[in-house]
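Colleague: This structure is in structure tokens; I'll ask about it shortly.
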Amino acid sequence: MSNGQEFIKNYKQGSDYAHGFVTDIETIDVPKGLSKEVVHFISKQKKEPQWMLNWRLKAFDRLQSMKEPDWQKPKYPKINYQDLYYYSAPKSLTDQPKSLDDIDPEIRKTYEKLGIPLLEQKKLAGIAVDAVFDSVSVATTFKDKLNEIGVIFCSISEATREHPELVQKYLGSVIPMSDHFFATLNSAVFTDGSFVYIPPGVRCPMELSTYFRINASNTGQFERTLIIADKGSYVSYLEGCTAPMRDENQLHAANVELVALDDAEIKYSTVQNWYPGDKEGNGGIYNFVTKRGACRGKNSKISWTQVETGSAITWKYPSCILQGDNSQGEFYSVAITNNYQKADTGTKMIHLGKNTRSKIISKGISAGHADNTYRGLVSIHPKATGAKNYTQCDSLLVGNKCGAHTIPYIENKNSTSEIEHEATTSKISDDQLFYCRQRGLNQEESVSLIVNGFCKEVLQQLPMEFAVEAQKLVGISLEGSVG
Amino acid sequence: MIDIKNLRASVDDKEILKGLNLKIGKGEVHAIMGPNGSGKSTLSYVLSGKEGYNVSGEIQFNKKNLLELNAEERAREGIFLAFQYPIEIPGVFTNNFLRTSLNSVRKANGKVELNAIDFLKIIKEKAKELNIGEEMLLRPLNVGFSGGEKKRNEILQMSLLEPSFVVMDETDSGLDIDALKIVSNGVNSLRDPERSFLIITHYQRLLNYIKPDFVHVLSEGKIVKTGDWKLALDLEDQGYGQFIN
Ligand SMILES: Nc1ncnc2c1ncn2[C@@H]1O[C@H](COP(=O)(O)OP(=O)(O)O)[C@@H](O)[C@H]1O
Ligand SMILES: [Mg+2]
């Protein structure tokens, strides 16, 4: 009897993943494995100044005495770090392209297939794009226009050469070099990523966005992003991610640091659609990412919005350190897991300043045999008088072979603070599905509609241009979850 | 239009419909009355393709074998069920739901899908006829709606989708007299030689407003008596006892 309770049918094919193609280009790879030589090699490829190389080497040394953490819920087979490549770049880019027209046509095609035009004349209206292909940034659009108002938007490699004073001042200032194993690994071997600086009082007039693409096999991607919003400035930034379908698991361990000074605001949105593996759970990306923002100035604000639909394992906690008085942190999250995907995600809100406020809205959706954990920390320090937090964690189960878990940690050291926590767990009911189908929607349209309704509060936070895409992605990632 | 022969439906080992026969011609309005638990809602679900029942017998709908179609295919063929208990869907705005629904039905029937602007024009007009405020369309589907609002919302969907066969399951229960009039007007304005209705109700009072061509009494999963609208008056006077052993 096929009623909605007896869900769990086959995810049609692994090939449902629309971004699963491989681009055939010649690449330069480093020798396999993790060593001082590799660190030297990467730094040299990037033409980095000496101080940057020294910083990397220091991280490499620290790493030798560190252990991979294993407190997370999703377990994975031991990664052999000597069996990975740490750098891969399209050969055609060894001499950086002088202009967007010099980009290898194969790479340009890749981005076109992904719906990301790199040529400025074909640009998305009002969105500046930085595109990272394996280990290098291949193109940044709209640079000149942004330069006119003093906004710096470029690859992090370029920033180490062109804006060393800013990079030296802020790199590692939010995520210390030896914070934890993956952060330290990233500090030693990070390849590329974006750098953004918004000068005082400037409201960045366009969305900034970076698209990350892993192409090469057996290659870890270790990107590094640094965004600084100077006093009274505003920026909205979006990152998107895709990868080819491969049978082996691929490691992605990024570090993202945000700094907001007095009265500044950073809105950071992620639509993560790394390859999730096939329906049996083979392959897929390990997405082990460290994202942290510091509200360093008074009245500053950092808002994280994430829509996590891809990856075999997602393990990340975009966090806010609320140092400035009256500063605000927000975390809006949708995490969807289907088939054998696993997610352990959430946030940390660290209240240090007076009257700091934080808001956490988390929507976890679990289907198939997947497992979804919200893990969050709200920490109110003794000096954070008048601090407030509101947390709402909702889980939605599709079928009865999946799992959802909510693990909120609260540390309160100030009696004047207010902390509110709400949590719910629900299921898509047969009656809801039937009601939709009686009105002409098919099974998949019905699931997509109900799940989009469930996530509405979070999806609404995305920049308009991306909200529609994200809604479709929600539907696609749950295809085949009900049958 | 629809021809039901020896329809049986059971859940687990419990038989609910026990050999039901019913024929409804084009443009006809039939009423089904019957005590609680006699199988009225089950009949409405089996007609509209809800899963979870073991069904045997035949249902012909416009020459098609209805039992071979799933719920959405039946909806797209023109079958509409006004639910006894409309379902809440949090976060999905009523507006958006109605447009998605209308467009899936239109698409299946080879018609162009409506954009948001054209849709709004149509829905606003229909809502007005049913005395439904626009603010209701901006609320999540049925969430926090009063009983009367939910029922009017069902009728709104009916008038939007313009189905050819409508099953109304106790749409009148819980309506005050004003709402009852609005709902009946809505139904009457859709009466059409090409459209048939099956109206399930407990009370004769609805049938004062929507005059049926035939009235059937359902008891223990079977139709035990059929007559014209005067049968409803009889039932009101004397109850179901006379038909049930
Ligand atoms: N899903 C079900 N599982 C078990 N019994 C059911 C189910 N649905 C209906 N029934 C039983 O079948 C009988 C008829 O129910 P229903 O069709 O709702 O009656 P009515 O609408 O006439 O009040 C009742 O005894 C009810 O308890
Ligand atoms: Mg009933």
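The values are calculated or read from the model by the stated rules, or taken from the named source; none is laboratory data. Here the structure is a predicted model, which is why all the values come from computation and not from measurement. All Cβ positions, glycine included, derive from the backbone under ideal geometry; neighbour counts span all protein chains shown. Ligands, DNA and RNA are excluded from the accessible area calculation, which covers all protein heavy atoms including side chains. Shrake-Rupley method; radii C 1.70, N 1.55, O 1.52, S 1.80 Å.
Colleague: Condition check: away from ligand 1 (no atom under 16 Å from the Cβ), open to solvent by less than 10 Å² (accessible area, probe 1.4 Å), farther than 22 Å from B:LEU156 by Cβ and not small (Gly, Ala, Ser). Does B:LEU66 satisfy that? Quick ask: steps written out before the conclusion?
Modeller: On the way: away from ligand 1 (no atom under 16 Å from the Cβ): yes; open to solvent by less than 10 Å² (accessible area, probe 1.4 Å): yes; farther than 22 Å from B:LEU156 by Cβ: yes; not small (Gly, Ala, Ser): yes.
The answer is yes for B:LEU66.
Colleague: Scan (1) assigned to a helix (DSSP H, G or I); (2) within 7 Å of chain A (Cβ to nearest Cβ); (3) open to solvent by less than 10 Å² (accessible area, probe 1.4 Å) for the single condition B:LEU98 breaks and write down its number.
Modeller: B:LEU98 satisfies every listed condition except (2).
Colleague: Looking at segment B:174-185, can you tell me whether even one residue there is touching a strand residue (DSSP E or B) at 6+ places or on another chain (Cβ under 8 Å), on the phi < 0 side of the Ramachandran plot and among the charged types (D, E, K, R)? Steps first, answer last, please.
Modeller: So in segment B:174-185, the residues touching a strand residue (DSSP E or B) at 6+ places or on another chain (Cβ under 8 Å) come out as none.
No - not one qualifying residue is present in segment B:174-185.
Colleague: Kindly indicate whether any position in segment B:84-101 is at pLDDT below 95 and within 16 Å of ligand 2 (Cβ to nearest atom).
Modeller: Scanning segment B:84-101 turns up at least one residue that is at pLDDT below 95 and within 16 Å of ligand 2 (Cβ to nearest atom).
Colleague: Now for a different question. Tell me, yes or no, whether segment A:420-441 has at least one residue that is basic (Lys, Arg) and either at pLDDT 95 or above or farther than 30 Å from A:GLY240 by Cα (or both). Spell out how you get there, then give the answer.
Modeller: Going residue by residue through segment A:420-441, those that are basic (Lys, Arg) are A:427, A:437, A:439.
Now drop any that are not either at pLDDT 95 or above or farther than 30 Å from A:GLY240 by Cα (or both), which leaves A:437, A:439.
The answer is yes, given that some residue of segment A:420-441 is basic (Lys, Arg) and either at pLDDT 95 or above or farther than 30 Å from A:GLY240 by Cα (or both).
Colleague: Tell me, please, whether a residue that is under 28 Å from B:LYS181 (Cα atoms), surrounded by 15 or more Cβ atoms within 10 Å (Cβ to Cβ) and free of Cβ contacts under 8 Å to residues at least 60 places away in the same chain can be found in segment B:103-111.
Modeller: Filtering segment B:103-111 for residues under 28 Å from B:LYS181 (Cα atoms) gives none.
Scanning segment B:103-111 turns up no residue that is under 28 Å from B:LYS181 (Cα atoms), surrounded by 15 or more Cβ atoms within 10 Å (Cβ to Cβ) and free of Cβ contacts under 8 Å to residues at least 60 places away in the same chain.
Colleague: So, in segment B:155-179, of the ones that are within 16 Å of ligand 1 (Cβ to nearest atom) and of a type in the set (D, E, K, R), which residue ends up nearest to the other protein chains (Cβ to nearest Cβ)?
Modeller: Here is the first cut: in segment B:155-179, the residues within 16 Å of ligand 1 (Cβ to nearest atom) are B:167-174.
Next, from what is left, pick out any that are of a type in the set (D, E, K, R): B:169-170, B:172.
Details: B:ASP169: 11, B:GLU170: 16, B:ASP172: 20 Å.
So the residue we want is B:ASP169.
Colleague: Related question: Which residue pairs have Cβ atoms closer than 7 Å, lie 6 or more positions apart in sequence or on different chains, and pair a first residue in segment B:169-183 that is closer than 24 Å to B:PRO35 by Cα with a second residue that is aliphatic (A, V, I, L, M) and within 16 Å of ligand 1 (Cβ to nearest atom)?
Modeller: The qualifying pairs are B:ASP169/B:LEU81; B:ASP169/B:ALA82; B:ASP169/B:ILE200; B:GLU170/B:ILE200; B:THR171/B:ALA82; B:ASP172/B:LEU206; B:LEU180/B:LEU206.
Colleague: Sort out which residues of segment B:103-113 are in contact with a Leu (Cβ under 7 Å, 6 or more places away or on another chain) and at the interface with chain A (Cβ under 8 Å from one of its Cβ atoms), and write them in order of number.
Modeller: B:SER104, B:VAL105
Colleague: Let me ask another. Which residues, taken from segment B:138-174, are surrounded by fewer than 21 Cβ atoms within 10 Å (Cβ to Cβ) and over 21 Å from B:SER189 (Cα atoms)?
Modeller: B:LEU138, B:ARG139, B:PRO140, B:VAL143, B:GLY144, B:PHE145, B:SER146, B:GLY147, B:GLY174
Colleague: Turning to a different aspect of this structure: Considering only segment A:133-143, I want to know if a residue exists there that is open to solvent by 40 Å² or more (accessible area, probe 1.4 Å) and at pLDDT below 90. Give the steps one after another, and end with the answer.
Modeller: Residues of segment A:133-143 that are open to solvent by 40 Å² or more (accessible area, probe 1.4 Å), as a first pass: A:143.
With at pLDDT below 90 added as a condition, the list becomes A:143.
Looking through segment A:133-143, at least one residue is open to solvent by 40 Å² or more (accessible area, probe 1.4 Å) and at pLDDT below 90.
Colleague: Identify the residue in segment B:11-61 that is of a type in the set (Lys, Arg) and over 25 Å from B:GLU72 (Cβ atoms) and, among all such residues, is farthest from ligand 2 (Cβ to nearest atom).
Modeller: The extreme case among them is B:LYS23.
Colleague: Still on this model: Output yes when any residue across segment B:84-94 is open to solvent by 30 Å² or more (accessible area, probe 1.4 Å), within 16 Å of ligand 1 (Cβ to nearest atom) and among the charged types (D, E, K, R), and no when none is.
Modeller: No, the conditions are met nowhere in segment B:84-94.
Colleague: Can you find a residue in segment B:213-224 that is of a type in the set (Val, Ile, Thr), more than 22 Å from B:MET158 (Cα to Cα) and away from ligand 1 (no atom under 16 Å from the Cβ)?
Modeller: no
Colleague: Quick check: anything in segment B:43-53 part of a helix (DSSP H, G or I), open to solvent by 20 Å² or more (accessible area, probe 1.4 Å) and not polar (S, T, N, Q)?
Modeller: Of segment B:43-53, the ones part of a helix (DSSP H, G or I) are B:43-48.
Add one more test, that the residue is open to solvent by 20 Å² or more (accessible area, probe 1.4 Å), and what stays is B:45.
If we keep only those that are not polar (S, T, N, Q) as well, we get B:45.
Yes, that holds for at least one residue.
Colleague: Right, here's the next one. Restricting attention to segment B:1-10, and to residues there that are in contact with a Phe, Trp or Tyr (Cβ under 9 Å, 6 or more places away or on another chain) and more than 16 Å from ligand 2 (Cβ to nearest atom), which single residue is nearest to the other protein chains (Cβ to nearest Cβ)? Even if it seems obvious, please write down each step before you answer.
Modeller: Of all residues in segment B:1-10, those in contact with a Phe, Trp or Tyr (Cβ under 9 Å, 6 or more places away or on another chain) come to B:1-3, B:9-10.
Cutting the leftovers down to more than 16 Å from ligand 2 (Cβ to nearest atom) gives us B:1-3, B:10.
Working: B:MET1: 18, B:ILE2: 16, B:ASP3: 21, B:SER10: 11 Å.
Among those residues, the one meeting the criterion is B:SER10.
Colleague: Right, another one. So, in segment B:69-116, how many residues would count as being of a type in the set (D, E, K, R) and in contact with an Asp or Glu (Cβ under 7 Å, 6 or more places away or on another chain)?
Modeller: First, pick out the residues of segment B:69-116 that are of a type in the set (D, E, K, R): B:72-74, B:76-77, B:88, B:99, B:106-107, B:111, B:113.
Applying the additional criterion that residues be in contact with an Asp or Glu (Cβ under 7 Å, 6 or more places away or on another chain) yields B:106-107.
So the answer is 2.
Colleague: Take A:TRP51 and decide whether it is modelled with pLDDT of 85 or more, farther than 30 Å from A:GLN443 by Cα, touching a Pro at 6+ places or on another chain (Cβ under 9 Å) and open to solvent by 40 Å² or more (accessible area, probe 1.4 Å). Reasoning before the result, please.
Modeller: Numbers: modelled with pLDDT of 85 or more: yes; farther than 30 Å from A:GLN443 by Cα: yes; touching a Pro at 6+ places or on another chain (Cβ under 9 Å): yes; open to solvent by 40 Å² or more (accessible area, probe 1.4 Å): yes.
Answer is yes for this residue.
Colleague: Sticking with this structure for a sec: Identify the single condition in (1) part of a helix (DSSP H, G or I); (2) touching a strand residue (DSSP E or B) at 6+ places or on another chain (Cβ under 6 Å); (3) more than 14 Å from every other protein chain (Cβ to nearest Cβ) that B:GLY57 does not satisfy, given that it satisfies every other one.
Modeller: Evaluating B:GLY57 over (1) part of a helix (DSSP H, G or I); (2) touching a strand residue (DSSP E or B) at 6+ places or on another chain (Cβ under 6 Å); (3) more than 14 Å from every other protein chain (Cβ to nearest Cβ) leaves (1) as the failure.
Colleague: Can you name every residue in segment B:9-41 that is more than 13 Å from ligand 1 (Cβ to nearest atom) and open to solvent by 30 Å² or more (accessible area, probe 1.4 Å)?
Modeller: Pass one, segment B:9-41, residues more than 13 Å from ligand 1 (Cβ to nearest atom): B:19, B:21-31.
If the condition is that a residue be more than 13 Å from ligand 1 (Cβ to nearest atom) and open to solvent by 30 Å² or more (accessible area, probe 1.4 Å), then B:ASN21, B:LYS23, B:LYS26, B:GLU28 are the ones that fit.
Colleague: Restricting attention to segment B:65-89, which residues are over 14 Å from B:LEU102 (Cα atoms), outside any helix (DSSP H, G or I) and at the interface with chain A (Cβ under 9 Å from one of its Cβ atoms)?
Modeller: B:ASN70, B:LEU81, B:PHE83, B:TYR85, B:PRO86, B:ILE87, B:GLU88, B:ILE89
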